[in-house]
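The values are calculated or read from the model by the stated rules, or taken from the named source; none is laboratory data. In this text, all values refer to a predicted model and were calculated from it rather than measured experimentally. FYI the Cβ positions are ideal-geometry reconstructions off the backbone, even for glycines, and counts take in every protein chain you see. SASA here: full protein model, heavy atoms, side chains in, ligands and nucleic acids out. Shrake-Rupley method; radii C 1.70, N 1.55, O 1.52, S 1.80 Å.
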Amino acid sequence: MAPVVTPAPYDLKNAITANRLLGLWRMLTGYRWLYLAATTSLAIAALAKTSTYLLLRHFVDNVLGRTADLVVLALMGLGFVGLALLEGGFSFLSGRLASLTAEGIALRLRTYLYDHIQRLTFAYHDNMQTGELIQRSTSDVDAIRRFFADQAIGMGRIVLLFGINFAAIWRLNMTLALVSVIIIPLIVVMSIFFFKRVSKAYEKYQEQEATLSTVLQENLTGVRVVKAFARQGYEREKFERENWGKFQRGKQLLTMHALFWPTSDILCGLQMLLGFTVGALMAINGTITVGAYLAYAGLIIWLIFPMRNLGRLIVQTSTGMVSYGRVVEVLSQEREPLTEGSYRPADDVRGEIEFRNVSFGYQADSPVLQEISFHVRPGESVALLGATGSGKTTLVNLLPRFYEYTGGSLTLDGVELKEYPREYLRRQIGIVEQEPFLFSRTIRDNITYGVGRDVPDEEVEAAARAAAIHDVILSFPEGHKTLVGEKGVTLSGGQRQRVAIARTLLKNPRILILDDSTSSVDTETEAEIRSALERLMEGRTTFIIAHRIQSLMNADQIIVLEKGKIIQRGTHEELVAQEGFYRQIYDLQARIESELAVELSVSGNGHGETANERHPHGIDV
Ligand code: ADP
């Protein structure tokens, strides 16, 4: 495994400020000395360059044609070579140090951002598109890296070169120095004007790029659906539209640059011409020596050249600043406090749960759960039944505090849920989703995900056996070490679910949440999953989101939800004996099953079939 690199520790929260430059300055924390060294190297390189021209002047005015002393000539030669070496060496050093700083800052920022994103609330992730988050963690961080590697150091280089060369020209001749910078204010004003426009254009460009990555990511994730519905044409059009949008915005951005460069080049050219002319006239008049003119001709290039770059850098800096803004927008989101909570039991919970008039809504004005009340004893099972959108998932999502209930009281072992730290609570709860997510790692890594890799093999195998997946795993080429996903085996829906059950068994939580999806697999697998689930449920308080009567008949308590309210509650026997929603569903499923049985006996072919019709309420029957 690659070693974990820990960049200088620093809480990037401090770098959040409305002033983007100040924010970027704060991001430098821990790297300022390195950056200072980079700037100093730059200053030395700039001084060496300027000195070269001053030495040239001395050579032309005082040495050339006046002495034939070989030693003096050799010393002059050595001086030129030495200065060139000094300049080259320190330029290189400065570049190295600046990129070290920039890479270090980017490394730290990416790690921090990644960790931050995975700690944000569910509500934030619900509303934020994955493509946006990927864009901000990659392309935007990279723009910030470039800001430190190229733009900030480049800015320092310009200021230094300008200052040093201006001073050197000033020493040659004051008038000449003033003439040499006469157009510069114009260049600065123009750069600032473009800076503002480019910032806006770049912001739009980044937004569009994020939209495009979202579309791409969504299409790739949903590639099966796209294929199944043969909607490639539609998806292609959607992608083309966003891609075209990116092209347009990129074009706008480039047009801006294309306008800026020639304008600034013309201005710089004019400035240089003016300097050369005035300098030449002065040399002809004898106001300055020929050596001074030669030196000036070199110096003015190094005065104007950086100014030309200043414009470019000011414009490019805008990308760093915009990206800083986009990253900070994520950084300033509140994290989900995982450890906050006044109640810290030493042991595991027993699993007694009581809902008393609990209500909840994702938005304040539209309640999704209303006045929910029921009591579950430790080890009991509760099945939730109801049409799609009736609030079953929302109800179970309150238990690990993925969302906070807004009204009433919800207790675990008699203590209000809000008093438990989320981290503790989530350790006590195991969730098997309808379509469990497995990582593209080995099967073993997936099974041990909740407890860490160090678990002995026997325990992993025992969990796999209890989840009725061990034999399947052994049939793979590398057993438990087989990779899942792209580079390894592709697991069927039922197999994935059993791996998820093994993962939860190993975690050994007191409370279980099962999103029962046995309706989507064939009957043989269904029986295996059901027995695996039964082993998983033993002795644990269990919530089952059920889609079929068969999955919930044995539950100690059945709760029927409609539009966020409990409309029926009781055991299977009690509910079947009453008029109501439950009986309707029960009758319907029984009828379909008996019809199916008749049909199957007629056709004499009954393997691996399931009833997959849907009730108008949206429940599998
Ligand atoms: P069920 O699991 O019974 O199908 P849900 O609990 O998923 O129902 O949904 C209940 C209601 O809450 C639905 O109207 C749904 O649109 C809404 N809802 C579910 N999840 C969110 C969410 N993350 N943000 C906003 N509304 C949601």
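Using the Cβ-Cβ distance between Glu574 and Glu534 with R0 = 22 Å, the FRET efficiency computed as 1/(1 + (r/R0)^6) comes to roughly 0.50. I'd like the accessible area for Ser51, computed on protein heavy atoms only with a 1.4 Å probe and all protein chains in place. Round to 10 Å², please. Surface open to solvent at Ser51 totals about 40 Å².
To the nearest 10, the accessible area of His470 is 10 Å² with a 1.4 Å probe. In the full protein context, the chain carries 51 Å² of accessible surface per residue, based on a 1.4 Å probe and ignoring ligands, DNA and RNA. Surface listing: Thr490, Thr175, Thr319 arranged by accessible area from highest to lowest gives Thr490, Thr175, Thr319, probe 1.4 Å. Percent of alpha carbon pairs in the range 13-148 separated by more than 21 Å? Considering the range 13-148, 60 percent of its Cα-Cα pairs are separated by more than 21 Å.
Rounded to the nearest 0.05, the FRET efficiency derived from the C-beta distance between Phe92 and Asp348 at R0 = 51 Å is 0.25. When all protein chains stay in place and ligands, DNA and RNA are ignored, the 1.4 Å accessible-area order of His116, His547, largest first, is His547, His116.
Counting 0.36 nm for each residue step from Lys565 to Gln232 and taking away their Cα separation leaves a gain of 115.8 nm. Derived from the Cα gyration tensor, the three semi-axes of the equivalent ellipsoid of the range 353-578 are 32, 20, 16 Å, largest first.
Ignoring any ligand, DNA or RNA, what whole percent of the accessible area of the chain comes from carbon and sulfur when the probe is 1.4 angstrom? Using a 1.4 Å probe with all protein chains present, the chain comes out at 58 percent carbon and sulfur. Please state the Cα pair-distance histogram of the range 159-206 with 5 angstrom bins from zero: what percent is in each bin? Spelled out bin by bin, the range 159-206 gives 5, 18, 17, 17, 12, 10, 9, 7, 4, 2 percent. Compared with the direct C-alpha span, the chain from Leu186 to Arg119 gains 19.3 nm at full extension, assuming 0.36 nm per residue. A run of the chain free of exposed loop cleavage sites, with GluC sites (Glu not before Pro) counted only in DSSP states other than H, G, I, E and B and at most 15 other beta carbons within 10 Å, reaches its longest extent at 1-333.
In the chain, the alpha-carbon atoms span a convex hull of 216 Å³ per residue. Computed on the range 164-284, the Cα convex hull volume stands at 113 Å³ per residue.
The convex hull defined by the C-alpha atoms of the range 44-110 has an orientation-averaged projected area of 4.6 nm².
Taking the radius of gyration and the Kirkwood hydrodynamic radius from Cα positions alone, what is the Rg/Rh ratio for the range 278-342, to two decimal places? Walk me through the numbers before you get to the answer.
Working: Rg = 26.5 Å, Rh = 16.7 Å.
My calculation of the ratio gives 1.59.
Rounded to a whole number, what is D in µm²/s for the range 199-354 from Stokes-Einstein with the Kirkwood radius over alpha-carbon pairs (37 °C, 0.692 mPa s)? So the translational diffusion coefficient is about 149 µm²/s. Note on the range 353-578: with charges restricted to the Cβ of Lys and Arg (+1) and Asp and Glu (-1), its dipole about the Cα centre is near 420 debye. For the range 12-331, averaging the sequence separation of C-alpha pairs within contact (under 8 Å, six or more residues apart) and dividing by the residue count gives a relative contact order of 31 percent. Rounded to the nearest Hz, the phi-derived 3J(HN,Hα) couplings of the range 527-533 under the Karplus curve 6.51 cos²θ - 1.76 cosθ + 1.60 (θ = phi - 60°) are 4, 5, 5, 4, 5, 5, 5, where x marks glycine and proline. As a calculated quantity, the FRET efficiency between Thr111 and Met174 at R0 = 41 Å, using C-beta atoms, amounts to about 0.20.
Counted without the sites themselves, the longest stretch of the chain free of chymotrypsin sites (Phe, Trp or Tyr not before Pro) in a DSSP loop having at most 15 other beta carbon atoms within 10 Å is 1-228.
Kirkwood-type hydrodynamic radius, the range 87-241: 20.0 Å, calculated from all non-identical alpha-carbon pairs. Given an 8 Å cut-off on Cα distances and at least 6 residues of separation, report the relative contact order of the chain as a percent. Here the relative contact order equals 13 percent. Kirkwood hydrodynamic radius of the range 217-268, from the reciprocal of the average inverse Cα-Cα distance over all distinct pairs: 13.7 Å. Of the listed residues Asp413, Asp265, the order by accessible area with a 1.4 Å probe, largest first, is Asp265, Asp413. Extension gain for Leu273-Asp556 works out to 92.6 nm (0.36 nm per residue, less the C-alpha to C-alpha distance).
Scanning residues 5 or more positions from Ile288 or on other chains, those with amide H under 5 Å from its amide H are Ala283, with H placed 1.01 Å from N in the peptide plane. Each residue of the range 20-25 is assigned a 3J(HN,Hα), and the resulting list reads 5, 5, 5, x, 5, 4 Hz, derived from the Karplus form 6.51 cos²θ - 1.76 cosθ + 1.60 (θ = phi - 60°), x at Gly and Pro. Taking all protein chains as they are arranged and a probe of 1.4 Å, the heavy atoms of Leu64 leave approximately 100 Å² accessible to solvent. The calculated pair-distance distribution of the range 12-331 uses every alpha carbon pair, bins of 20 angstrom beginning at 0, and gives 26, 45, 22, 6, 0 percent.
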